[in-house]
Amino acid sequence: MSHSAVEVEPGASRLSAQFTLGSLRVAALSDGAPDRALGGFFHGVEAAQWTQALGITDPEAPLPFNFGTFLVRDGQRTILIDSGFGGLARTMGIPGGGELLARIEELGVRREEIDAVVHTHLHPDHCGTNVTDEGELTFPNAQIVLAQAELDYWMSGQGAEAESQDRAAAAHRNILPYQAADRVRTFDGEHEVSPGLTAVPTPGHTPGHTSFMLASGGQHLLITGDAAHHPVHFEHHDWIPAVDFDPAESTRSRGRLSALAVERDALVTGGHFPILTLGRVRPTATGYAWEYVHRSE
Ligand SMILES: [Zn+2]
């Protein structure tokens, strides 16, 4: 099968890039891009194994990492997929952190123009820009869209119990003001949240974790969320992040996601992959292989 090359338009820095998928304009926007050691994303895996897969020798070597979001425009609607780390990233001193609104404005988009913020899950690095430092709605005209199971996990107290009070507090802070304004919408299972944008349940990292498939003009883009923190997770489904809520479930989710990526011949990217990483997943005799289509360097 042959593909036309993807024309990636670099942004002002490694914090953004754009490309076209059918009639959609897709921007990858960072809310912080630190270099960090990635060992925590291969929990229980021998360092020699995962470093070899990543093509490095030193497991402590800092590698480019990203707290990424995606802005999708179809000419009518403007949708943000995840909202980054927000103010927390500024206090943590993460390079480029807490600057998502600047990245959005660089595209000529005003925050009032965002119609929906769609969440893969509610960890603090994925919903952090929903409210301002003053607790106001950052996106005053947006609906917040997420899986009911994810909302329940954080709002019932289960998330705080399983993870931490701080994480639950961040989820509450970034969701409750929208609930008060009747701007939160939930879905169950596989669901088309907007024309051409389908939620694909990939539980495990959190109970309501969701990936998203974009489709336009016969082309597909799979946005993994934290079902994969690095492309090698598509080759090694059981190389789990230390932070996965249910590792067996997240392993199964990576299996289903890999099969879906192959079936749709989808471009694949993830918010924690350096901007802009695009690849395809290929079936092999024993599993799956990741093929880079575009990578930052
Ligand atoms: Zn994350």
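Return the sequence-ordered ³J(HN,Hα) values of the stretch 23-29 in whole Hz as given by the Karplus equation 6.51 cos²θ - 1.76 cosθ + 1.60 applied to θ = phi - 60°, using x for Gly and Pro.
With the stated coefficients, the stretch 23-29 comes to 9, 9, 9, 10, 10, 8, 10 Hz.
Select from Y153, Q179, Q165 the residue farthest towards the positive end of the dipole of the stretch 146-188; place +1 on Cβ of Lys and Arg, -1 on Cβ of Asp and Glu, and compute about the Cα centre.
Result: Q179, furthest along the dipole toward the positive end.
D for the stretch 9-294, whole µm²/s, Stokes-Einstein with Kirkwood Rh over alpha-carbon pairs at 10 °C and 1.306 mPa s: what number?
Answer from the Stokes-Einstein relation: 85 µm²/s.
Can you check what the net charge comes to around H220, using other residues whose Cβ is under 14 Å from the Cβ of H220 (Lys, Arg +1; Asp, Glu -1)?
Overall, the nearby charge balance is -1.
What list of ³J(HN,Hα) couplings, whole Hz, do you get for the stretch 168-183 from phi and the Karplus terms 6.51, -1.76, 1.60, once you set θ to phi - 60° and write x for glycine and proline?
Per residue, the Karplus-derived 3J(HN,Hα) values read 5, 4, 5, 4, 4, 4, 8, 10, 4, x, 6, 5, 4, 8, 6, 10 Hz.
With a sphere of radius 11 Å drawn around the Cβ of R282, what net charge do the other residues whose Cβ falls strictly inside it have (Lys, Arg +1; Asp, Glu -1)?
The answer is -2.
Quick check for me: using +1 on Lys/Arg Cβ and -1 on Asp/Glu Cβ, what's the dipole size of the chain about its Cα centre, in debye to the nearest 20?
Dipole size: approximately 520 debye.
If contacts are Cα pairs under 8 angstrom and at least 6 residues apart, what is the relative contact order of the stretch 1-70 in percent?
Value for the stretch 1-70: 30 percent.
Please report the projected area of the stretch 225-275's Cα convex hull averaged over all directions, in nm².
Hull-based average projected area comes out at 3.4 nm².
If I take R0 = 25 Å and measure r between the Cβ atoms of V184 and A162 in this structure, what FRET efficiency does the formula 1/(1 + (r/R0)^6) give, to the nearest 0.05?
Taking R0 as 25 Å, the efficiency between V184 and A162 is 0.70.
So what is the relative contact order of the chain, in percent, for Cα pairs below 8 Å that sit 6 or more residues apart?
17
Which percent, nearest 5, of DSSP beta bridges in the stretch 9-294 are antiparallel?
Taking every DSSP beta bridge within the stretch 9-294, about 75 percent pair in antiparallel fashion.
Using the count of nearby Cβ atoms within 10 Å as a rough guide to exposure, how do S211, S156 rank from fewest to most?
With the fewest neighbours first, S211, S156 line up as S156, S211.
Compute the signed sum of charges (Lys and Arg +1, Asp and Glu -1) over the other residues within less than 11 Å, Cβ to Cβ, of A160.
Here the charged neighbours net out to -2.
Averaged over all directions, how much area does the convex hull of the C-alpha atoms of the stretch 98-238 cover when projected, in nm²?
9.6
Coordinate-derived values only; no laboratory data. As the structure is a prediction and not an experimental result, all values here were calculated from the model. Positions of Cβ are generated from backbone atoms using ideal geometry, with glycine treated the same way; all protein chains shown enter the neighbour counts.
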